[in-house]
Amino acid sequence: MTEADEAELARMLRAALSGDEQAYAAFLARVAALVRGVTRRNAGSGVEVEDIVQETLLAIHLKRHTWRPDAPVRPWVFAIARYKLVDSLRRRGRRVEVDIADYAETLAEPVENAASPREVERALEQLPPGQRRVVSAVSVEGLSVGEAAAAFGMNETAVRVALHRGLAAIARGRR
């Protein structure tokens, strides 16, 4: 897939997020073909490729708001597909080994303009204490939602809500 293909996927997803239903249908059709190919190469026998494709498309639909318009689309899509494939294989009780070579070209490039520690601190300071500790734990320290929930005595849904609201507040503050 070329950079032009990546740009076209990003254009379609941006249009879809703005309410363009035709762009969304075209985006999903294109993504389904990509996911289908990668899944066929990695699934092995006994795995229903179309089930994985459909689960991936559903996850993309439910989580489309998590894609950052300044980020590439393919790594985001392939990460979701990889998790759906791994989940499927786990349900079948198989040991999971996914060849990284199939995803190498879609891995994110190192970020040169990463936020400085001071910028991160400033962004966190604008949040209420509850959101600040959740965003810090998950986004800065790298805890999973489950680990943060256990650490703070919260349920996972509450952690996800606090994380989403905190990140949304930071995003609004950057505009």
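The values are calculated or read from the model by the stated rules, or taken from the named source; none is laboratory data. All figures in this text were calculated on a predicted structure; none of them were measured in a lab. Don't worry about glycine lacking a Cβ; one is built from the backbone with ideal geometry, like all the others, and counts go over all protein chains shown. We work out accessible area using only protein heavy atoms, side chains counted, and drop any ligands, DNA or RNA first. Shrake-Rupley method; radii C 1.70, N 1.55, O 1.52, S 1.80 Å.
General observations
- Restricting attention to the range 1-29, the residues being assigned to a helix (DSSP H, G or I) and open to solvent by less than 80 Å² (accessible area, probe 1.4 Å) number 19.
- If you go through the range 39-72 and keep only what is small (Gly, Ala, Ser) and modelled with pLDDT of 85 or more, you end up with ALA59, ALA71.
- Neighbours by Cβ (under 7 Å, 6+ apart or cross-chain): first from the range 32-56, of a type in the set (Val, Ile, Thr) and part of a helix (DSSP H, G or I); second at pLDDT below 80 and open to solvent by less than 60 Å² (accessible area, probe 1.4 Å): VAL38/ASP102; VAL49/ALA43; ILE52/ALA43; ILE52/SER88
- Lone qualifier among GLU8, GLU21 - being more than 25 Å from ALA168 (Cα to Cα), modelled with pLDDT of 90 or more, among the charged types (D, E, K, R) and out of contact with any strand residue (DSSP E or B) (no Cβ under 6 Å at 6 or more places or on another chain): GLU8
- Helices (runs of 4 or more DSSP H) lying entirely in the range 129-175 (those with 2 or more residues that are in contact with a Pro (Cβ under 6 Å, 6 or more places away or on another chain) and surrounded by 18 or more Cβ atoms within 10 Å (Cβ to Cβ)): none
- Within the range 57-72, being surrounded by fewer than 21 Cβ atoms within 10 Å (Cβ to Cβ), among the aliphatic types (A, V, I, L, M) and in a helix (DSSP H, G or I) holds for LEU57, LEU58, ALA59, LEU62.
- Scanning the range 1-31 for residues that are closer than 16 Å to THR66 by Cβ and either in contact (Cβ under 8 Å) with a residue 60 or more places away in the chain or in contact with a Ser or Thr (Cβ under 9 Å, 6 or more places away or on another chain) (or both) returns LEU9, ALA10, LEU13, VAL31.
- Residues located in the range 73-96, provided they are of a type outside the set (A, V, I, L, M, F, W, C) and either open to solvent by 20 Å² or more (accessible area, probe 1.4 Å) or at pLDDT 80 or above (or both): ARG74, PRO75, ARG82, TYR83, LYS84, ASP87, ARG90, ARG91, ARG92, GLY93, ARG94, ARG95
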